[in-house]
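The values are calculated or read from the model by the stated rules, or taken from the named source; none is laboratory data. On a predicted model such as this, the values are computed, not experimentally measured, just so you know. Cβ placement follows ideal geometry from the backbone for every residue including glycine, while neighbour counts extend to all protein chains displayed.
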Amino acid sequence: MPTTLTVRVFFEAAHRLHNPAKPDEWNRSRYGKCNNLHGHGHNYVLEVTVGGDVDPATGYLMDMKDLKEIIGRTVVGEVDHRHLNHEVAWLADIIPTAENLAAIFFRRIAPALPPGVVLEAVTVHETDRNSASFRP
């Protein structure tokens, strides 16, 4: 029977919500204080849920430390303590909303998983009250 496993990892980063194709006034009215010229920061929580069958020999769907290592290598190691708009090349052309980050993180993590383990969802929490999830 398929099982899911979820791990949470943490990182800190700054970003600015700004659409360069729109006028400054549009950006200010759409994003408010999140459009601050120099950005603002979050203590992000990243939840990653994988699914598959439990291996009867180990009792694991996947070793959690291995999943955390994959997340660290494919995402967190490159975004932690960075300004997402300026310091992360693979985020250069996107507006780094929680919604967009969840989708891009999903696409980076999925191919790194071992055979038989499927990425079910990626959730990015910007605050205790605000998050976005991507599920294919």
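The rows are residues; the columns are (1) over 12 Å from the mean Cα position of the chain (by Cα); (2) of a type in the set (A, V, I, L, M); (3) modelled with pLDDT under 95.
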residue: I70; (1), (2), (3): yes, yes, no
residue: R82; (1), (2), (3): yes, no, no
residue: V88; (1), (2), (3): yes, yes, no
residue: L91; (1), (2), (3): no, yes, no
residue: E99; (1), (2), (3): no, no, no
residue: I104; (1), (2), (3): no, yes, no
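Any residue in region 10-23 that's within 14 Å of G72 (Cα to Cα): show its pairings with residues that are surrounded by 12 or more Cβ atoms within 10 Å (Cβ to Cβ) and of a type in the set (D, E) at Cβ separation under 6 Å, as long as the two are six or more apart or on different chains.
Every condition considered, the pairs that remain are F11/D80.
Quick one: in region 54-79, of everything that is outside any helix (DSSP H, G or I) and either of a type in the set (S, T, N, Q) or out of contact with any Ser or Thr (no Cβ under 8 Å at 6 or more places or on another chain) (or both), which residue is nearest to R135 (Cα to Cα)? Don't jump to the end; show me each part of the working.
We begin by selecting, within region 54-79, every residue outside any helix (DSSP H, G or I); these are 54-63.
Remaining after also requiring either of a type in the set (S, T, N, Q) or out of contact with any Ser or Thr (no Cβ under 8 Å at 6 or more places or on another chain) (or both): 55-60, 62-63.
Details: D55: 24, P56: 27, A57: 29, T58: 27, G59: 26, Y60: 23, M62: 19, D63: 22 Å.
Residue satisfying both the conditions and the ranking: M62.
If you go through region 117-136, how many residues are modelled with pLDDT of 95 or more, closer than 16 Å to G52 by Cα and either touching a Cys at 6+ places or on another chain (Cβ under 8 Å) or part of a loop (DSSP other than H, G, I, E, B) (or both)?
Residues that pass the stated criteria total 2.
Any residue at all in region 57-74 that's of a type in the set (A, V, I, L, M) and in contact with a helix residue (DSSP H, G or I) (Cβ under 8 Å, 6 or more places away or on another chain)?
Looking only at region 57-74, we keep the residues that are of a type in the set (A, V, I, L, M), and these are 57, 61-62, 64, 67, 70-71.
Next, only the ones that are in contact with a helix residue (DSSP H, G or I) (Cβ under 8 Å, 6 or more places away or on another chain) stay: 70-71.
Looking through region 57-74, at least one residue is of a type in the set (A, V, I, L, M) and in contact with a helix residue (DSSP H, G or I) (Cβ under 8 Å, 6 or more places away or on another chain).
Looking at the structure I just gave you, is T3 modelled with pLDDT of 95 or more, within 13 Å of the chain's Cα centre (by Cα) and β-branched (V, I, T)? Please lay out each step first, then the result.
Working: modelled with pLDDT of 95 or more: yes; within 13 Å of the chain's Cα centre (by Cα): no; β-branched (V, I, T): yes.
Against the criterion (modelled with pLDDT of 95 or more, within 13 Å of the chain's Cα centre (by Cα) and β-branched (V, I, T)), T3 does not qualify.
Please name all residue pairs, on different chains or six or more residues apart, with Cβ atoms under 9 Å, provided the first residue is in region 115-136 and is of a type outside the set (G, A, S) and the second residue is at pLDDT below 95.
Final answer for the pair search is V118/P2; L119/P136; E120/P136.
Select from region 34-53 the residues that are in a loop (DSSP other than H, G, I, E, B) and not acidic (D, E) and write down the one among them that is farthest from R8 (Cα to Cα). Break it down stepwise before answering.
Taking region 34-53 as the starting set, the residues that turn out to be in a loop (DSSP other than H, G, I, E, B) are 36-39, 53.
Going one step further and asking which of them are not acidic (D, E), we end up with 36-39.
Numbers: N36: 28, L37: 30, H38: 28, G39: 25 Å.
Across region 34-53, the extreme among qualifying residues is L37.
In region 104-116, which residues are buried (at least 17 other Cβ atoms within 10 Å of the Cβ) and in a loop (DSSP other than H, G, I, E, B)?
Answer for region 104-116, where residues must be buried (at least 17 other Cβ atoms within 10 Å of the Cβ) and in a loop (DSSP other than H, G, I, E, B): just L113.
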